[in-house]
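Enquirer: A single structure is presented below for examination.
Read-outs: derived from the displayed coordinates by stated rules, not from any lab. All figures in this text were calculated on a predicted structure; none of them were measured in a lab. Glycine also receives a Cβ, built like all others from the backbone with ideal geometry; neighbour counts cover every protein chain displayed.
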Amino acid sequence: MNIPSDGLTDEEIREIYRKYRKIAVVGMSRNPEKPAHYVPRYLMENGYEIIPINPTADEILGKKVYKSISEVPEDTEILNVFRPSDEVPKIVEEALKKNFKVIWLQEGIFHESIYKAREKGITTVWNRCMMKEHRRLFK
């Protein structure tokens with residue numbers, strides 16, 4: 001798949017990390033080998049609050065796991081997505097019912113439905129890893 005650029009500058013990405021601290025992670029994994037586990041763990045270790053979303057787990061990294069986006073507390077700022085691209089339309093629909101400031105699709109994830117969130121004023125990032133970008137911009 002040929003994924004277009006999200007068009008965000010390094011400074012805009014830096015601003016997301018500086019401004020927002022609460023990250024809900026859709027598809028967070030219990031398996032420490034998977035990026036959907038070690039990326040949120042890295043973010044936790046760097047001072048971010050992680051809110052796991054996984055319908056098949058109760059606790060990950062000592063955190064209460066929410067079964068769906070709709071259960072996530074209202075003051076959560078970033079929705080970080082570790083789900084296949086074909087699930088993005090449903091995720092965007094659910095996310096638009098909440099008050100997220102940023103929807104961030106991990107590396108390799110993109111669907112045109114993300115533009116709907118951007119049109120509503122939500123900052124949208126895609127095809128980027130939150131851990132790699134943080135390391136690149138802050139380490």
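Enquirer: Could you give each residue of region 2-8 its phi-based ³J(HN,Hα) in whole Hz, using Karplus coefficients 6.51, -1.76, 1.60 with θ = phi - 60°, and x for Gly or Pro?
Expert: Result, ordered by residue: 8, 8, x, 5, 7, x, 7 Hz.
Enquirer: Taking LYS63 as the anchor, which aspartates and glutamates have their alpha carbon closer than 19 Å to its alpha carbon, excluding any fewer than eight residues away along the same chain?
Expert: Straight-distance partners of LYS63: GLU33, GLU45, GLU49, GLU71, GLU74, ASP75, GLU77.
Enquirer: To continue, here is another question. Given that compact globular proteins tend to follow 2.2 N^0.38 Å, what is the ratio of the alpha-carbon Rg of region 49-116 to that value?
Expert: Details: Rg = 11.8 Å, N = 68, 2.2 N^0.38 = 10.9 Å.
Working it through for region 49-116, the quotient is 1.08.
Enquirer: Short version: ³J(HN,Hα) in whole Hz for each residue of region 72-85, in order, from phi by Karplus 6.51 cos²θ - 1.76 cosθ + 1.60 (θ = phi - 60°), x for Gly and Pro, what are they?
Expert: 5, x, 4, 8, 5, 9, 10, 10, 9, 10, 10, 10, x, 3
Enquirer: Given H placed on each backbone N at 1.01 Å, which residues far from PHE110 in sequence or on other chains put an amide H within less than 5 Å of it?
Expert: It is SER85, by chain and number.
Enquirer: Between ASP58 and ARG135, what is the label-to-label distance in nm when each label sits 7 Å out along the Cα-to-Cβ direction?
Expert: It is 3.4 nm.
Enquirer: Please identify every one of the GluC sites (Glu not before Pro) in region 48-121 that sits in a loop by DSSP and has no more than 13 other beta carbons within 10 Å of its own beta carbon.
Expert: Sites meeting the loop and neighbour criteria: GLU74, GLU112.
Enquirer: OK, next. Using the Kirkwood radius over C-alpha pairs as Rh, can you work out the diffusion coefficient of region 1-58 via Stokes-Einstein at 10 °C, viscosity 1.306 mPa s, in µm² per second?
Expert: Diffusion coefficient, whole number: 122 µm²/s.
Enquirer: Here is a further query. Using only alpha-carbon positions, what ratio does the radius of gyration of region 10-138 give when scaled by 2.2 N^0.38 Å? Provide the component values of the computation, followed by the final result.
Expert: Details: Rg = 13.2 Å, N = 129, 2.2 N^0.38 = 13.9 Å.
Compared with the compact-globule rule of thumb, region 10-138 sits at 0.95.
Enquirer: Moving on to the next point. For the chain, what does the helix formula give at 222 nm: sum of -39500 (n - 2.57) over DSSP H segments with n ≥ 4, over the residue count, nearest 500 deg cm²/dmol?
Expert: After summing the helix terms and dividing by the residues of the chain, the value is -9000 deg cm²/dmol.
Enquirer: Let me ask something else. In sequence order, what are the phi-derived ³J(HN,Hα) couplings for region 21-36 according to the Karplus relation 6.51 cos²θ - 1.76 cosθ + 1.60 with θ = phi - 60°, rounded to whole Hz, with x for glycine and proline?
Expert: 10, 9, 10, 8, 10, 6, x, 4, 9, 7, 7, x, 7, 8, x, 5
Enquirer: Enumerate the amide H contacts of ASP6 below 5 Å, restricted to partners 5 or more residues apart or on another chain; note that Pro and chain-start residues carry no placed amide H.
Expert: When sequence neighbours closer than 5 places are left aside, the close amide H contacts are TRP126.
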